[in-house]
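Written below as C-alpha cells is the structure these notes are about.
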There are 2 protein chains.
Amino acid sequence: MKVPVHRTRIRVPGFRFAGVRCGLKESGKRDVALIASDVPATAAAAFTTNRVKAAPVRVGIEHAANGRLQAIVVNSGNANAYTGKQGLRVAREMCVLVGRELGIDPKLVLPSSTGRIAVQVPLERVRRGVADACRALSRDAFHTALDGMMSTDAFPKFAAETLIIGGCEVIVAGMAKGAGMIAPQMVVAPSAKLERHATLLSYILTDAAVSLPAVKKTLKVALEQSFNTIVVDGDTSTNDTTVLMANGVAGNRALTVSSNQFATFCGAATRVMTALARMVVKDGEGATKVVDIHVRRARSVREAERVADAIARSPLCKAAFFGGDPYAGRLVCAMGYSGARFDPQKIDIYLEDLPVVRRGVEVVDGNAKLASSLMQRAEIALTIDLRAGNAVAHRVCSDLTVDYVRFNSDYRT
Amino acid sequence: MKVPVHRTRIRVPGFRFAGVRCGLKESGKRDVALIASDVPATAAAAFTTNRVKAAPVRVGIEHAANGRLQAIVVNSGNANAYTGKQGLRVAREMCVLVGRELGIDPKLVLPSSTGRIAVQVPLERVRRGVADACRALSRDAFHTALDGMMSTDAFPKFAAETLIIGGCEVIVAGMAKGAGMIAPQMVVAPSAKLERHATLLSYILTDAAVSLPAVKKTLKVALEQSFNTIVVDGDTSTNDTTVLMANGVAGNRALTVSSNQFATFCGAATRVMTALARMVVKDGEGATKVVDIHVRRARSVREAERVADAIARSPLCKAAFFGGDPYAGRLVCAMGYSGARFDPQKIDIYLEDLPVVRRGVEVVDGNAKLASSLMQRAEIALTIDLRAGNAVAHRVCSDLTVDYVRFNSDYRT
C-alpha cells in the first residue's frame with residue numbers, strides 16, 4: 001500500500017477552515033470547527049446506523065440528500081444526541097447561522113457534534129462560536145479546524161495524497177476525530193439498508209471535479225475498507241459521520257464512475273480514509289496496540305466478518321492482546337461463538353507469518369519465544385484461514401487495557 | 001423470591017462426592033471432582049452452543065442422550081477443548097475409568113473440564129486423579145468436590161432448598177463454578193437448535209423421583225431464568241455444562257410434568273440455579289457490582305433481550321457501572337445499536353425506583369445525589385421501559401473493572 005503523504009500544513013484549493021472556542025468544553029479548548037468551500041461542492045455523506053441518531057445526524061441526512069454541500073460546521077464538547085426537539089432546533093440553527101454569515105443556502109451546510117450524550121447544547125455559546133468561526137475562516141487553518149473537533153483524542157488525525165487527474169494536480173485530504181465509542185457502521189445516505197455504525201467524525205476534501213455518482217461510490221468503497229472495519233470498544237455511537245466533498249476548483253473534466261482514472265481517485269480516497277481509520281484505532285482510548293485481523297476462506301463475507309468481529313470485540317481476546325500472550329485458546333473460543341460455520345479441526349491461524357494453529361492443532365510451542373516477541377509489537381497481524389469457502393474479511397482493533405477502564409469509569413463521554 | 005437455604009454442609013441422599021489432587025493445576029490445588037449416585041438417576045444436561053465444543057462436551061452430549069446418568073467426573077486446570085481426537089480419547093477414558101472403579105456402564109458417566117483451551121490433558125495424571133477420586137467418595141464431600149472444580153473462582157458457589165414432594169422431604173442442591181468467559185448460552189441436549197453458550201459448570205442434584213420429561217422441562221425453564229441470563233465478559237465458552245440429576249431415593253411417587261407439585265419442584269430448582277447464577281456474576285473476574293437489567297414493553301422477547309444484552313455487554317456501560325456514574329447517555333447509545341425497534345423519545349429508564357429518563361428526557365439532575373449514591377451500591381437494578389410492545393427480558397451482568405483487565409492480560413484462561 002502506498003503510504004499517504006502526511007503534510008504538516010495541508011491546504012486544499014478552494015477550501016477555508018476555522019477552529020474557535022465558545023465555552024462548550026470545560027477545559028477551555030477549541031470546540032467549534034468550520035470547513036467551507038468557495039463554491040458548492042459535489043458531496044456524499046455516510047451516517048451512523050444507531051437507532052438513536054443525534055440531532056445533527058438527522059439534519060445532515062436531510063442536507064446531504066441533495067448531493068451538494070458547501071460547508072461543514074462541527075461542535076465538540078456536546079454530542080447534541082438524545083436531546084429531542086430542542087436538539088434539532090440547535091442543529092438547524094447552526095446551519096442557518098453559517099448560511100447567513102457566508103451568504104449561502106443553509107441546506108448546503110452539514111452539522112456535526114461530538115461529546116456528551118443527553119445534554120442540551122447551550123445555544124447562545126454555540127451561536128457565538130459559529131459566528132466567530134465564520135469570521136476566522138482561512139486557507140491555512142486545516143489543522144485549527146481539526147483541533148476544534150477533537151474530544152478524547154490524544155493526537156490529531158489527518159492524511160493527504162496528491163494525484164494527477166486529467167492533467168491537473170489535485171489533492172485528497174482528510175481529517176478525523178475519534179478515540180472511544182468506536183465501532184463505525186456507517187452507510188451512505190440516503191439508504192434503505194442500515195447495517196453498521198462510532199463517535200467518529202471524518203471529512204474528506206478534494207479540489208478535483210467528480211460526478212455525484214462517483215463521489216458516492218468512492219465514499220461507499222472507501223468506507224467499507226476503512227472506518228467500517230475498525231473497532232475500539234464495540235460501542236457504535238449516535239453521531240458517526242463521514243463526508244466527502246469535491247469542489248472541482250482544480251478544473252479537471254469531471255471524473256465519472258466510468259472514467260479511466262476513477263480507480264486512481266477512489267484508491268487515493270481509500271488510502272487516506274484507511275490511514276485515518278488506523279489512527280483512530282491507534283488512538284483508541286487506553287490502547288497500546290493495533291491488531292489487524294484477516295479472515296480468509298470463510299463460507300460467506302458475512303461469516304468472515306462475524307469471525308473477525310467476534311475477535312475484535314471479545315474482552316478476553318483484547319485483554320490477551322494487551323498482555324501480549326500468543327495464546328490461541330481465546331481466539332478459537334471467540335470464533336466458535338461467532339456464528340460462522342467452519343470445522344475447528346481444519347483451521348490455520350498465523351501470527352504475522354508464524355503458524356500458531358495448523359489444521360486445528362496449536363503449534364506455537366516450538367516458536368514460543370518468537371511468538372511472544374511478535375505479540376509485544378505495537379502492530380500485530382493475525383490471519384485466520386477457515387478452509388470453509390472463499391470469502392474474506394478484515395478488521396482492525398485496539399487492545400483492552402487498564403487505562404481504557406480507568407478512563408471510561410472516570411469520564412462521561 | 002424465597003431465598004435458598006445456604007447450608008454449610010450439604011448432603012444429598014444417595015449421592016457421594018470426592019475432590020482430589022492430581023497435578024493438573026500448577027498451584028497444587030484440587031483438580032479432580034467426582035459426583036456419584038448410588039443408583040442410576042434420571043438426568044438431563046445442557047451444553048454450550050459454541051461451535052468449538054470441548055471434548056467432554058461432545059462425550060457428554062452422547063451420554064446424556066439416554067436420560068440416565070449415575071456419575072459426573074470433572075477436571076479443572078485444563079479445558080480439554082480444541083484438543084482433537086486425543087482430547088476425545090481422554091474424555092472417554094475418564095468415563096471408562098469411573099465406570100470400572102464404580103462398576104457401572106461408562107455411558108452413565110458425564111465428563112466435564114475447565115481450564116486452559118488448546119492444551120492436551122496429561123492422561124496419566126488424570127487417570128491417577130480419577131482413580132483416587134473413586135476411592136475417596138463420601139456422603140459428606142459435597143464441598144470438597146466443588147473445591148475440585150474451581151478455576152478462577154474466588155469463592156465456592158452452592159445453594160440448596162428442601163421441600164416436601166408427595167409427603168417426602170427432598171432436597172434440591174446445586175454447585176457451580178465460573179467467573180470468566182461467562183455469557184452462558186446453553187441448550188438442553190439433544191436439540192437441533194443451538195443458540196446460546198460460558199465456562200460455567202453446574203450440577204443440580206436431587207433425591208426426588210422425577211420423570212425424564214419433568215427433569216428436562218425443569219432444566220430448560222430454570223436455565224432460561226438463571227445461567228442463560230448472565231453476562232460477565234460476553235465470551236461464550238467452549239465448555240459450559242449444566243446437569244440436573246434426580247436419583248429418586250427419597251421414595252416419592254415420581255413427579256411428572258402434570259403433577260400438582262411440578263411447579264413447586266421446578267420453582268425450587270429455578271431458585272437454586274438463579275442463586276448460583278448470581279454468585280457467578282458476583283464472582284465475575286474483577287467484578288465489584290452486580291447489575292440487573294430489566295427491559296419491558298419491547299416489541300418482542302428477542303428485541304427485549306437484544307436491548308438488555310447490548311447494555312450487559314457494552315464496555316462503555318460496564319465501565320460506567322464500575323465508575324458509579326448514573327449517566328444515561330451510554331445506555332441510550334447501546335440501546336440504539338442493539339437492533340431493537342423503539343422510539344427514543346418515548347422511553348423511560350429507572351435506576352432502582354428513581355426515574356433517570358422519562359419520555360426520552362434525562363431527568364436525573366434533580367436527584368443527582370441520590371442517583372450517584374444508588375450507583376455506588378454493590379447491587380444495582382436498571383429498568384428500561386421501551387413503550388413499544390409487551391415483551392420483557394432480564395439480564396444480570398458484572399461491571400468492567402481495572403482488575404478484570406489486569407487479571408485477563410496476565411492469565412491464560
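The values are calculated or read from the model by the stated rules, or taken from the named source; none is laboratory data. The shown structure was predicted, so the numbers you read here are calculated from the model rather than taken from an experiment. Backbone-built Cβ (ideal geometry, glycine too); neighbour counts: all protein chains shown.
Things to note:
- Selection within region B:232-247 - within 14 Å of another protein chain (Cβ to nearest Cβ) and either under 21 Å from B:GLY87 (Cα atoms) or not aliphatic (A, V, I, L, M) (or both): B:ASP233, B:GLY234, B:ASP235, B:THR236, B:SER237, B:THR238, B:ASN239, B:ASP240
- Contacts under 6 angstrom Cβ, first residue in region A:139-158 being farther than 22 Å from A:GLY286 by Cα and assigned by TED's automatic domain parsing to the domain that holds A:SER27, partner of a type in the set (Phe, Trp, Tyr) and not in a loop (DSSP other than H, G, I, E, B), 6 or more apart: A:ALA141/A:PHE17; A:PHE142/A:PHE17; A:ALA145/A:PHE17
- With respect to the stated conditions, A:ARG278 is in a helix (DSSP H, G or I) and in the same structural domain as A:PHE155 (by TED's automatic domain parsing).
- Residues (surrounded by fewer than 20 Cβ atoms within 10 Å (Cβ to Cβ) and more than 19 Å from the chain's Cα centre (by Cα)) located in region A:389-406: A:GLY389, A:ASN390, A:ALA391, A:VAL392, A:VAL402, A:ASP403, A:ARG406
- Per this entry, B:PRO56 is not counted among residues that are in contact with a helix residue (DSSP H, G or I) (Cβ under 9 Å, 6 or more places away or on another chain), more than 16 Å from B:ILE204 (Cα to Cα) and surrounded by fewer than 24 Cβ atoms within 10 Å (Cβ to Cβ).
- In a residue-by-residue description of region B:122-131, the property of being part of a loop (DSSP other than H, G, I, E, B) and under 28 Å from B:ARG271 (Cβ atoms) applies to no position.
- Applying the criterion of at least 3 residues that are at pLDDT 95 or above to the strands (runs of 3 or more DSSP E) found wholly in region B:168-228 leaves B:168-177, B:201-206.
- Residue in region B:46-56 that is within 14 Å of chain A (Cβ to nearest Cβ), of a type in the set (Lys, Arg) and farther than 27 Å from B:GLU224 by Cβ present: no
- Within this structure, B:LYS25 fails the test of being assigned by TED's automatic domain parsing to the domain that holds B:VAL130, closer than 21 Å to B:ALA176 by Cβ, touching a helix residue (DSSP H, G or I) at 6+ places or on another chain (Cβ under 9 Å) and surrounded by fewer than 24 Cβ atoms within 10 Å (Cβ to Cβ).
- Considered as a group, the residues in region B:248-274 that are among the polar types (S, T, N, Q) and touching a Leu at 6+ places or on another chain (Cβ under 8 Å) include one that is farthest from B:ASN80 (Cα to Cα), and that residue is B:GLN261.
- Residue match in region A:138-148 (condition: within 17 Å of the chain's Cα centre (by Cα), of a type in the set (Asp, Glu), surrounded by fewer than 24 Cβ atoms within 10 Å (Cβ to Cβ) and part of a loop (DSSP other than H, G, I, E, B)): no
- Odd one out for B:GLY323 among (1) farther than 22 Å from A:ASN50 by Cβ; (2) of a type outside the set (D, E, K, R); (3) away from chain A (no Cβ under 13 Å): (3)
- Qualifying residue in region A:345-364 (condition: within 10 Å of another protein chain (Cβ to nearest Cβ) and among the aromatic types (Phe, Trp, Tyr)): no
- Taking the criterion of being out of contact with any helix residue (DSSP H, G or I) (no Cβ under 8 Å at 6 or more places or on another chain) and either surrounded by fewer than 23 Cβ atoms within 10 Å (Cβ to Cβ) or not assigned by TED's automatic domain parsing to the domain that holds B:VAL20 (or both), the residues of region B:120-132 that qualify are B:PRO122, B:GLU124, B:ARG125, B:ARG128, B:ASP132.
- All of (1) under 26 Å from A:ALA319 (Cβ atoms); (2) surrounded by fewer than 23 Cβ atoms within 10 Å (Cβ to Cβ) hold for B:LYS220 with one exception: (1).
- The residue of region B:224-280 that is surrounded by the fewest Cβ atoms within 10 Å (Cβ to Cβ), among those that are more than 25 Å from B:HIS63 (Cβ to Cβ) and among the aliphatic types (A, V, I, L, M), is B:ALA263.
- Here the condition is being touching a Cys at 6+ places or on another chain (Cβ under 6 Å) and within 13 Å of chain A (Cβ to nearest Cβ); of B:ALA388, B:ALA368, B:ALA334, it holds for B:ALA334 alone.
- The residue that is farthest from A:ARG330 (Cα to Cα), counting only those in region B:38-85 that are over 18 Å from the mean Cα position of the chain (by Cα) and among the basic types (Lys, Arg), is B:ARG68.
- Boolean, B:THR383 is more than 9 Å from every other protein chain (Cβ to nearest Cβ) and either closer than 21 Å to B:PRO315 by Cα or out of contact with any His (no Cβ under 8 Å at 6 or more places or on another chain) (or both): yes
- Output for region B:345-379, where each listed residue is loosely packed, with under 13 Cβ neighbours inside 10 Å and modelled with pLDDT under 90: B:ASP365, B:GLY366, B:ALA368, B:LYS369
- Verdict on A:VAL215 being crowded, with 24+ Cβ neighbours inside 10 Å and over 18 Å from A:ALA64 (Cβ atoms): no
- Which numbered condition A:VAL109 misses (of (1) away from chain B (no Cβ under 14 Å); (2) under 23 Å from the mean Cα position of the chain (by Cα); (3) closer than 24 Å to A:ASP153 by Cα; (4) not acidic (Asp, Glu)): (3)
- Contact annotation: residue pairs with Cβ atoms under 7 Å, 6 or more positions apart or on different chains, pairing a residue in region B:41-67 that is at positive phi and in the same structural domain as B:LEU212 (by TED's automatic domain parsing) with a partner that is surrounded by fewer than 21 Cβ atoms within 10 Å (Cβ to Cβ) and not in a loop (DSSP other than H, G, I, E, B), are B:GLY67/B:LEU212.
- Scanning region A:66-94 for residues being modelled with pLDDT of 95 or more, outside any strand (DSSP E or B) and either within 14 Å of A:ASP105 (Cα to Cα) or of a type in the set (Asp, Glu) (or both) gives a total of 4.
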